[in-house]
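Before any comments, here is the structure.
The values are calculated or read from the model by the stated rules, or taken from the named source; none is laboratory data. Model, not experiment: these values are computed from the prediction. Cβ placement follows ideal geometry from the backbone for every residue including glycine, while neighbour counts extend to all protein chains displayed.
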């Protein structure tokens, strides 16, 4: 009977787990030009589980994207943010979509979030401002 009690108690404890839930899993950064190629956005999340959440690592799909994430425990019911910075410096204009892999101790160990947007060529008005009279 004592063994059954401990087995039941361990079974109940095993059901406690953190669970990360994002408000949005994709953020559209909209349209921006090459003269302002660095864009930021924030992914908000909540630990909807019943144990402390730990984000172990965050892996953007390319070097043009950097993510800053909380390094401390996120208590059950508490919220946090992952700030993502995209740099289009040196990139060709056009539509982009990048993924960020979030690894945590959540029930689902890995979650993907996405950024997307459209970087356009520098506006014509900006191109002609630097032109000299000799260029005409």
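Some observations on this one:
- So residue 49, is it under 16 Å from residue 23 (Cα atoms) and either modelled with pLDDT under 95 or out of contact with any helix residue (DSSP H, G or I) (no Cβ under 8 Å at 6 or more places or on another chain) (or both): yes
- Of everything in the range 27-66 that is under 16 Å from the mean Cα position of the chain (by Cα) and part of a loop (DSSP other than H, G, I, E, B), the residue that is surrounded by the fewest Cβ atoms within 10 Å (Cβ to Cβ) is 63.
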